[in-house]
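Below: the structure, in structure tokens.
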Amino acid sequence: MASTTHSAAHKQQQQEHGHAGDRLGHVALKGALAAVVGGMALKVLWNAGQHMLPESEKYPLSPTRDAVGIMASKRGVHLSSGETTMAAGAMYGGMMAGMGALYGIAEDRLRPPPYLAGLALAGLIYGANFTRVGALPKLGIIEPAGDQPKRQAAVPLAAHVGFGLATAAAYKAMS
């Protein structure tokens, strides 16, 4: 009898929420789409911050583009300017969508306060790219954030906070 009750409850849950794989795909897609909105916010805040910096403290036009160029060069691959720009766009978009998908899954499974989860996502991406152990300093594109003037280091930090909050807001709006 207990297995029949369990089976009936499981069947009802599947009808209400779909199969687990369907639900996982749904929240991952929703997170990826939310992160596209977050990525746009990041770009706007990045550009605004860049305009406020003195020329000597401005970042490269596109750290992602520079990273693609360096990685291609290290592998002996020559990319034209257009190919480098397209690859950088794909890398940036793919990273945003991938991180957003993870955000959606975490949001669905852990149910943290949404804006706290958005800030955690921002911190994860910022740390992976701008800190001493981050990709951009490791590739020699920028100095680690701790070695930069405070106002210069504030630009990507503020942009990533905006990314996290906009991603969380967009995800919540799609719920």
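Bear in mind that the values in this text are calculations on the coordinates, not laboratory data. What you see is a predicted model, and the numbers here were worked out from it, not measured in a lab. Glycine also receives a Cβ, built like all others from the backbone with ideal geometry; neighbour counts cover every protein chain displayed.
What the table below lists for this structure:
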read-out: For the chain, Kirkwood radius (reciprocal of mean inverse C-alpha pair distance, Å); value: 17.9 Å
read-out: Within segment 20-129, trypsin sites (Lys or Arg not before Pro) in DSSP loop having at most 13 other beta-carbon neighbours inside 10 Å; value: ARG75
read-out: Cα-centre dipole for the chain with unit charges at Cβ (Lys and Arg positive, Asp and Glu negative), debye to 20; value: 160 debye
read-out: GNM top mover of VAL36, VAL77, VAL44 - the chain, alpha-carbon springs below 10 Å; value: VAL77
read-out: Whole-Å distance, taken between Cα centres, linking segment 141-175 and segment 95-127; value: 13 Å
read-out: Mean Cβ neighbour count within 10 Å, used as a protection proxy, ranking 117-130, 136-149 highest first; value: 117-130, 136-149
read-out: Restraint check, LYS58/LYS172; LYS43/LYS150; LYS150/LYS172, Cα-Cα greater than 29 Å; value: LYS58/LYS172; LYS150/LYS172
read-out: Reach of LYS74 by Cα under 17 Å, taken over aspartates and glutamates that are not fewer than 8 positions away in the same chain; value: ASP66, GLU83
read-out: Most positive-pole-ward Cα, MET40, HIS51, ALA120, against dipole of the chain from beta carbon charges; value: ALA120
read-out: Gained length - LEU61 relative to LEU102, 0.36 nm times residue gap less alpha-carbon distance; value: 12.0 nm
read-out: Proximal aspartates and glutamates to LYS30, defined as alpha-carbon separation beneath 14 angstrom and excluding residues fewer than eight positions away on the same chain; value: ASP22, GLU107, ASP108
read-out: Vicinal HN-Hα couplings computed from phi for segment 117-129 (Karplus, 6.51 cos²θ - 1.76 cosθ + 1.60; Hz; Gly/Pro x); value: 5, x, 5, 5, 4, 4, x, 4, 5, 4, x, 6, 10
